[in-house]
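In what follows, a structure is listed as structure tokens, so that the remarks can point back to it.
The values are calculated or read from the model by the stated rules, or taken from the named source; none is laboratory data. The shown structure was predicted, so the numbers you read here are calculated from the model rather than taken from an experiment. Positions of Cβ are generated from backbone atoms using ideal geometry, with glycine treated the same way; all protein chains shown enter the neighbour counts. The accessibility values were calculated without ligands, DNA or RNA, using every heavy atom of the protein model including side chains. Shrake-Rupley method; radii C 1.70, N 1.55, O 1.52, S 1.80 Å.
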Amino acid sequence: MEKIKVLIADDHRVVREGLAAILKTKDDINVVGEAQDGVEAVEKAKTLEPDVILMDVSMPRMGGIEATRQIKREFPHMGIVALTMYEEQQYIFDLVRAGATGYLLKDSESSQIVAAIRAIYRGESLIHPSVASKILAEFSLMSQKKGKKPAWVEHDLTEREITVLRLVADGKTNKEIANSLDLSEKTVKNHVRNIFHKLQVYDRTQAAILAIRKGLIELEPRP
């Protein structure tokens, strides 16, 4: 069985060791390294090529947001889960813009962390639906403030894929999309994979943001 390679980046040694101890008990996860700041996280991402990085937001020398930005610029396929003490929307908004695939609060249960790593490895996003909708609405609002309507972009998405994409942008899970469209979860998963391939993105949030920017879908700002 191919194991999920995980890099842990946190400036607190006890946090790194605690996370590593938890993950090392899982047969499908391999902790390939640890980093104590953002600079080291970027360096080890290059040398160790992990599948998923658990990234602390507040670190010395370089914070998690900038480290995420640099890593995703060179390795867009790497999944990055931000570890944060903050639930504020602005932090999450900055993380998404930097390329984070999801976020977890540091007081999350160990089972949630393990589930998050596995989900990110499968190509899913861990932005909570309510937060995702606010973030996407903010992108739409920014576009309106500029006084420009996104131009339609050439693409080869099918009508069904565009429908699925709209639901993805609204923060729906594969199961919710399947129930809404009377499809199997496997079929929805195939549609999502095809959407990623055609739009050349690596996760659900990136797909939704790109679709809004390019005018494939529109999302009304929410209160």
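Name the residues in segment 180-198 that are open to solvent by 60 Å² or more (accessible area, probe 1.4 Å) and out of contact with any helix residue (DSSP H, G or I) (no Cβ under 9 Å at 6 or more places or on another chain), would you?
Passing the criteria: ASP182, ARG193, HIS197.
List the pairs whose first member sits in segment 67-79 and is without any contact (Cβ under 8 Å) to a residue 40 or more places away in the chain and within 14 Å of ILE120 (Cβ to Cβ), whose second member is in a helix (DSSP H, G or I) and β-branched (Val, Ile, Thr), and whose Cβ atoms are under 8 Å apart, counting only residues at least 6 apart or on separate chains?
ILE71/VAL42; MET78/ILE71
Looking only at segment 12-55, count how many residues are touching an Asp or Glu at 6+ places or on another chain (Cβ under 6 Å) and open to solvent by 40 Å² or more (accessible area, probe 1.4 Å).
Result for segment 12-55: 1.
Identify, by number, the condition in (1) open to solvent by 70 Å² or more (accessible area, probe 1.4 Å); (2) at pLDDT below 70; (3) within 18 Å of GLY99 (Cβ to Cβ) that ILE212 doesn't meet.
(1)
Among the numbered criteria (1) modelled with pLDDT under 95; (2) part of a strand (DSSP E or B); (3) polar (S, T, N, Q), which one does ASN30 miss?
(1)
Looking at segment 100-115, is at least one residue in contact with a Phe, Trp or Tyr (Cβ under 9 Å, 6 or more places away or on another chain), at pLDDT 80 or above and in a helix (DSSP H, G or I)?
Scanning segment 100-115 turns up no residue that is in contact with a Phe, Trp or Tyr (Cβ under 9 Å, 6 or more places away or on another chain), at pLDDT 80 or above and in a helix (DSSP H, G or I).
Those residues that are in a loop (DSSP other than H, G, I, E, B), modelled with pLDDT under 85 and closer than 19 Å to ALA119 by Cα, I need them from segment 154-196; list them, please.
First pass over segment 154-196, keeping only residues in a loop (DSSP other than H, G, I, E, B): 154-158, 170-173, 182-184.
Then keep just the ones that are modelled with pLDDT under 85; that gives 154-157, 170-173.
Answer for segment 154-196, where residues must be in a loop (DSSP other than H, G, I, E, B), modelled with pLDDT under 85 and closer than 19 Å to ALA119 by Cα: ASP170, GLY171, LYS172, THR173.
How many of the residues in segment 9-66 are within 16 Å of ASP107 (Cα to Cα) and among the β-branched types (Val, Ile, Thr)?
Counting residues in segment 9-66 that are within 16 Å of ASP107 (Cα to Cα) and among the β-branched types (Val, Ile, Thr) gives 4.
Say we look at segment 40-88 and pick out the residues that are among the hydroxyl-bearing types (Ser, Thr, Tyr) and assigned to a loop (DSSP other than H, G, I, E, B); which of these is modelled with the lowest pLDDT? Walk me through it before giving the result.
Filtering segment 40-88 for residues among the hydroxyl-bearing types (Ser, Thr, Tyr) gives 47, 58, 68, 84, 86.
Subsequent filtering for residues that are assigned to a loop (DSSP other than H, G, I, E, B) retains 58, 86.
On the way: SER58: 86, TYR86: 65.
Checked segment 40-88; the qualifying residue modelled with the lowest pLDDT is TYR86.
I'm checking my understanding of the structure. Among residues of segment 42-52 that are touching a residue at least 24 places away in the same chain (Cβ under 8 Å) and closer than 14 Å to GLU74 by Cα, which one is nearest to the chain's Cα centre (by Cα)?
We begin by selecting, within segment 42-52, every residue touching a residue at least 24 places away in the same chain (Cβ under 8 Å); these are 42, 44-46, 48-52.
From what is left, the residues that are closer than 14 Å to GLU74 by Cα are 42, 44-46, 48-51.
Working: VAL42: 17, LYS44: 20, ALA45: 17, LYS46: 19, LEU48: 20, GLU49: 17, PRO50: 15, ASP51: 13 Å.
Top of the filtered list is ASP51.
Find all pairs meeting these conditions: Cβ atoms under 6 angstrom apart; at least six residues apart or on different chains; first residue within segment 154-176 and more than 10 Å from ARG204 (Cβ to Cβ); second residue at pLDDT 85 or above and of a type in the set (Asp, Glu).
Hits for this filter: LYS175/GLU185.
Which condition does MET1 not pass, out of (1) of a type outside the set (Asp, Glu); (2) surrounded by 15 or more Cβ atoms within 10 Å (Cβ to Cβ); (3) under 22 Å from ALA119 (Cα atoms), if it passes all the others?
Status for MET1: all satisfied but (2).
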